[in-house]
1. Only one of (1) touching a helix residue (DSSP H, G or I) at 6+ places or on another chain (Cβ under 8 Å); (2) in contact (Cβ under 8 Å) with a residue 60 or more places away in the chain; (3) farther than 25 Å from Asn392 by Cα fails for Leu358. Which number is that?
2. Show the residue pairs meeting these rules: Cβ distance below 6 Å; 6+ apart or different chains; first residue within the stretch 284-299 and touching a residue at least 24 places away in the same chain (Cβ under 8 Å) and part of a loop (DSSP other than H, G, I, E, B); second residue of a type in the set (A, V, I, L, M, F, W, C) and within 13 Å of ligand 2 (Cβ to nearest atom).
3. Being hydroxyl-bearing (Ser, Thr, Tyr) and out of contact with any strand residue (DSSP E or B) (no Cβ under 8 Å at 6 or more places or on another chain) is the filter here, so list the residues in the stretch 70-106 that pass it.
4. Conditions first: (1) surrounded by 19 or more Cβ atoms within 10 Å (Cβ to Cβ); (2) without any contact (Cβ under 8 Å) to a residue 40 or more places away in the chain. Arg240 passes all but one, so which condition is the exception?
5. Restricting attention to the stretch 80-97, does a residue exist that is touching a Leu at 6+ places or on another chain (Cβ under 6 Å), within 16 Å of ligand 2 (Cβ to nearest atom) and not in a loop (DSSP other than H, G, I, E, B)?
6. Just checking, how many residues over the stretch 61-79 are away from ligand 2 (no atom under 16 Å from the Cβ) and farther than 30 Å from Gly362 by Cα?
7. Take the stretch 221-262 and flag every residue that is within 16 Å of Asn276 (Cα to Cα), touching a strand residue (DSSP E or B) at 6+ places or on another chain (Cβ under 8 Å) and part of a helix (DSSP H, G or I).
8. Condition first: touching a residue at least 60 places away in the same chain (Cβ under 8 Å), surrounded by fewer than 23 Cβ atoms within 10 Å (Cβ to Cβ), out of contact with any strand residue (DSSP E or B) (no Cβ under 8 Å at 6 or more places or on another chain) and on the phi > 0 side of the Ramachandran plot. Can you find one or more residues in the stretch 151-164 that meet it?
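The values are calculated or read from the model by the stated rules, or taken from the named source; none is laboratory data. All of these numbers come straight from a predicted model, not from anything done at the bench. Cβ placement follows ideal geometry from the backbone for every residue including glycine, while neighbour counts extend to all protein chains displayed.
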Amino acid sequence: MSNQKAKINNPKSLFLNNVGQLVTANEDEVQCIKNTSVLIENGQVVSIGEGYSNHSIDCGGKMVTSGFVDSHTHPVYYNKRDEEYAMRLAGASYEEIAEKGGGIISSVEGVRHASKEVLIEKVSDRMDRFITFGTTTIEAKSGYGLDTESELKSLDVIETVNQTHVIDMVPTFMGGHAFPIEYEDDHEAYIDLICDEMIPAVSDQGIAVFNDVFCEKGYFSVEQSRKILEVGTKHGLKSRLHADEFVDSGAAKLAGEVAAFSADHLMAVSEAGIANLAENNIVATLLPGTTFFLGKTSYAPARKLIDAGISVALATDFNPGSSHIQSMPFIITLACMHMGMTVEEAYQSATYNGAKALGLEGEIGSIDVGKKADLILWDLDSLLDIPYHVSNHSIQKVIKNGEVVFGA
Ligand code: NIG
Ligand code: FE
């Protein structure tokens, strides 16, 4: 696989011929266009159903979709946490493991001690694998450094990988992921460190777009989360948050108050929280991989959220502890099988709505003239084949910015 970034304004043209089904989503619906073609120039889609180029790919009557937009991941970590996975297999819960010093905190030492170069290599390798699953844009959080230097290092790693790897990465600062051990007895001092030192430094260096907080019992309270997000806003960072993952702590309501782009997890969201998200037009990003990987059955109420008129996005939550999952096709399978989503809804959530959760729906997330040519050629006939094939994803080629970056 070529993992060198396709040059922006890639002048080459590419013609996808003999597309059996072209699947794309917008705000309101999923469209399937039969027996068509796609012409790409300068990294963008320039026409659908007509055109020609010397460089063409015969799609053999198979399906072409948008590349996936994975709008929630934590890829900057050093060590795997398979021992926690073993503890869960033996019956311990994520919360119990975290109380015994596992969880987020057990990734901190590794990130603090790792060199930037080592982290770049690890994150780059992880991005290689994301591409093989059809993910062409990914949101990536810091949050395992939890001191100023290590949070900046993590964001620096994301910036470097974004510059060199074909995948597009959207950086999120998440100093508010957990309280580090040295602040165990003085949480307010850590909030001050985030607000007075980390956020201004992140903002000065221009290395994050979003600011995220784990607003949850045992982590950051609604008041603490509000403060961190409001200070972020003053420094030009956009808000998103981990909301009501294990218990309803009123985080969905806070999402409305701080005009978050997205409220994520929502396994325990209340009726009032749902009404609030709907009222404030906030994307609900659901992460069924986490529910699955933690061995829980309390999947987020996707149907209720959709029926309330909320845009639902789907993402992997890829991280070493609670969701060691990189495959968006598998997330679609979980959404269809455990959250009552139709395959069309799940597809829309994994593409267009993922882009919307990042404020990028004008550029990516659908196959439209003028948008980025980020596409997947499947060895499948229709959308239903994605969840039906469960773990055999049958991706023939991934095209990023108009260049074949997987399956060349
Ligand atoms: O999204 N919920 C907070 N953060 C991660 C868990 C990260 C970890 O366990 O390392 C999540 O599930
Ligand atoms: Fe997360």
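1. Result: Leu358 fails condition (1) only.
2. Between residues of the stretch 284-299 that are touching a residue at least 24 places away in the same chain (Cβ under 8 Å) and part of a loop (DSSP other than H, G, I, E, B) and residues that are of a type in the set (A, V, I, L, M, F, W, C) and within 13 Å of ligand 2 (Cβ to nearest atom), the close pairs are Leu287/Ala315; Ser298/Met267.
3. Step one: of the stretch 70-106, the residues hydroxyl-bearing (Ser, Thr, Tyr) are 71, 73, 77-78, 85, 93-94, 106.
Residues satisfying the conditions are Tyr78, Tyr85, Ser93, Tyr94, Ser106.
4. Every condition holds for Arg240 apart from (2).
5. At the first step, the residues of the stretch 80-97 found to be touching a Leu at 6+ places or on another chain (Cβ under 6 Å) are 94.
Narrowing further to those that are within 16 Å of ligand 2 (Cβ to nearest atom): 94.
Still in the list and also not in a loop (DSSP other than H, G, I, E, B): 94.
Taking every residue of the stretch 80-97 in turn, at least one turns out to be touching a Leu at 6+ places or on another chain (Cβ under 6 Å), within 16 Å of ligand 2 (Cβ to nearest atom) and not in a loop (DSSP other than H, G, I, E, B).
6. Going through the stretch 61-79 one residue at a time, the tally reaches 2.
7. Residues satisfying the conditions are Val222, Ala251, Ala252, Leu254, Ala255.
8. no
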